[in-house]
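Input: a single structure, listed below in structure tokens.
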Amino acid sequence: MARTLGVREYAKHREAQGLTGTTHAAVRKAIEKGRLSRSVTKDAKGWPRIDPVIADDEWEGSTDPAQQRPGPAQRELFADARKKDVRDSEEGITYTRARAVREGLNARIAELDLRERMGSLVDVAQVKAEAFDVGRKIREGLLGLPARLGPVVAGMNDPRACESLLQREIDEVLRELTDRARDG
């Protein structure tokens with residue numbers, strides 16, 4: 001088992017490492033708030049004993065960097081963390097990583113909201129309903145052609161004239177649908 005330190009000893013250890021949280025009050029607060037949990041045990045008298053290796057890792061992964069005043073060594077650690085991306089801790093995702101994910105999602109939501117307000121983003125259900133309506137109108141227009149043209153085509157002897165008549169009528173049905181869609 002690794003050597004454990006008392007609260008004041010651990011604060012001095014952090015100071016020697018150039019890290020934040022260099023007072024016994026800061027260490028006690030980290031224990032009370034649950035930022036240090038896996039690294040803390042109680043001795044026979046009930047006093048906290050801290051494993052410095054585990055505690056340093058816990059402190060880094062569970063403390064909001066925005067709430068800290070980093071020292072020179074701490075600034076270097078944050079720069080390295082940004083380059084490597086914050087890794088998952090043994091208990092799950094770190095605070096820094098969770099915050100980064102949240103901020104990324106909030107940015108995507110804001111972008112979608114902006115695109116919707118600008119009119120470049122539309123409701124999927126509305127598009128599906130309109131597409132169904134257009135498809136239904138095309139179907140009705142084309143299915144009405146045989147009843148209208150059957151008697152006329154039956155009396156025609158020239159295949160080119162039949163083809164020309166069918167083409168004109170199909171074009172007319174499609175033109176009407178286009179005009180309706182354009183007019184709204």
Residues of the stretch 113-131 classified as assigned to a helix (DSSP H, G or I) and surrounded by 10 or more Cβ atoms within 10 Å (Cβ to Cβ), total = 9
Could you grab me the full set of residues in the stretch 126-156 that are closer than 30 Å to GLU116 by Cα and not charged (D, E, K, R)?
-> GLN126, VAL127, ALA129, ALA131, PHE132, VAL134, GLY135, ILE138
Selection status of VAL134, among the β-branched types (Val, Ile, Thr) and without any contact (Cβ under 8 Å) to a residue 24 or more places away in the chain | no
Within the stretch 1-25, restricting attention to residues that are aliphatic (A, V, I, L, M) and exposed (fewer than 15 other Cβ atoms within 10 Å of the Cβ), which residue is farthest from GLY46 (Cα to Cα)?
-> ALA16
Just checking, how many residues over the stretch 18-40 are more than 21 Å from THR94 (Cα to Cα) and at pLDDT 85 or above?
-> 3
Which condition does ASN157 not pass, out of (1) part of a loop (DSSP other than H, G, I, E, B); (2) surrounded by 12 or more Cβ atoms within 10 Å (Cβ to Cβ), if it passes all the others?
-> (2)
Checking ARG99, ARG148, ARG117, ARG180 in turn, the sole residue that is in contact (Cβ under 8 Å) with a residue 24 or more places away in the chain and over 30 Å from GLY34 (Cβ atoms) turns out to be ARG180
Select, from ALA44, ALA11, the only residue that is among the aliphatic types (A, V, I, L, M) and part of a helix (DSSP H, G or I).
-> ALA11
Among ARG136, ARG99, the single one that is under 19 Å from the mean Cα position of the chain (by Cα), surrounded by 10 or more Cβ atoms within 10 Å (Cβ to Cβ), at pLDDT 85 or above and on the phi < 0 side of the Ramachandran plot is ARG99
Hits in the stretch 14-27 - residues which are closer than 14 Å to THR63 by Cα and assigned to a helix (DSSP H, G or I) | ALA26, VAL27
Do we find that ALA110 is outside the structural domain of GLU176 (by TED's automatic domain parsing), loosely packed, with under 11 Cβ neighbours inside 10 Å and more than 30 Å from LYS33 (Cβ to Cβ) in this structure?
-> yes
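The values are calculated or read from the model by the stated rules, or taken from the named source; none is laboratory data. Model, not experiment: these values are computed from the prediction. Ideal geometry is used to build each Cβ from the backbone, glycine not excepted, and the neighbour counts take in all protein chains shown.
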